[in-house]
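The values are calculated or read from the model by the stated rules, or taken from the named source; none is laboratory data. This one's a predicted model, so the numbers in the text were calculated from it and none came from an experiment. Because the Cβ atoms are built from the backbone with ideal geometry, glycine has one as well, and the counts that use them run over all protein chains shown.
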Amino acid sequence: MVLQNIIQAIKNIWKPRVTRMYPEVRPKLPERFRGLQKLDKSKCIGCGICANNCPNNAIKIVRARVSLISEKTRWFPEIDIGHCLFCGLCIDQCPQNALSSTGVFTTGVIRWTHEELLFTPDMLAREVPIGEEDE
Ligand code: SF4
Ligand code: SF4
């Protein structure tokens with residue numbers, strides 16, 4: 001058994017690598033990969049269609065500030081990324097095109113609790129998507 005493993009290891013020396021040094025070397029994802037969502041608050045009308053269409057009940061409509069410099073609040077989606085299956089239905093069904101795919105598959109930092117996976121409207125609306133800010 002040990003000998004077989006050594007022979008196998010020697011054979012593999014000349015084969016192309018199948019592992020990469022993540023996160024320094026990111027995988028090349030398919031063009032249509034969806035990833036985390038991005039919210040355009042200026043387009044969102046708080047209708048809740050995204051929440052009603054979510055098969056995993058991952059979206060809640062919550063009140064949040066219209067922009068970072070305004071105290072005015074409106075209804076926006078908040079996504080529980082811990083329950084999201086990245087199907088993209090919320091994006092497809094939004095009548096305002098307020099949600100889009102970022103193609104980002106990482107949340108950037110280790111999140112230890114379920115609460116940390118709640119992506120508030122402000123987090124979803126960030127210019128640089130969560131997970132890409134360290135790039
Ligand atoms: S993101 Fe779209 S579907 Fe969801 S509440 Fe806003 S406008 Fe409605
Ligand atoms: S991508 Fe799918 S599972 Fe995730 S929030 Fe949107 S509708 Fe729900």
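Name the one entry in Pro55, Pro27, Pro16 that is touching a helix residue (DSSP H, G or I) at 6+ places or on another chain (Cβ under 9 Å) and surrounded by fewer than 13 Cβ atoms within 10 Å (Cβ to Cβ).
Pro55
Quick one: which residue in Asn97, Asn56, Asn52 is more than 14 Å from ligand 1 (Cβ to nearest atom) and at pLDDT 95 or above?
Asn56
Consider only pairs whose beta carbons are under 7 Å apart and that are at least six residues apart or on different chains; among these, list those whose first residue lies in segment 40-57 and is acidic (Asp, Glu) and whose second residue is part of a loop (DSSP other than H, G, I, E, B).
Asp40/Ala98
Would you point out the residue of segment 73-125, among those that are at positive phi, out of contact with any strand residue (DSSP E or B) (no Cβ under 9 Å at 6 or more places or on another chain) and in contact (Cβ under 8 Å) with a residue 40 or more places away in the chain, that is surrounded by the most Cβ atoms within 10 Å (Cβ to Cβ)?
Of everything passing the filter in segment 73-125, Gly103 is surrounded by the most Cβ atoms within 10 Å (Cβ to Cβ).
State the number of residues belonging to segment 30-52 that are outside any loop (DSSP other than H, G, I, E, B), surrounded by fewer than 16 Cβ atoms within 10 Å (Cβ to Cβ) and of a type in the set (Gly, Ala, Ser).
0
Can you pull out the residues in segment 59-94 that are over 17 Å from Phe119 (Cα atoms), within 10 Å of ligand 1 (Cβ to nearest atom) and not in a helix (DSSP H, G or I)?
Of everything in segment 59-94, just one residue is over 17 Å from Phe119 (Cα atoms), within 10 Å of ligand 1 (Cβ to nearest atom) and not in a helix (DSSP H, G or I), namely Cys94.
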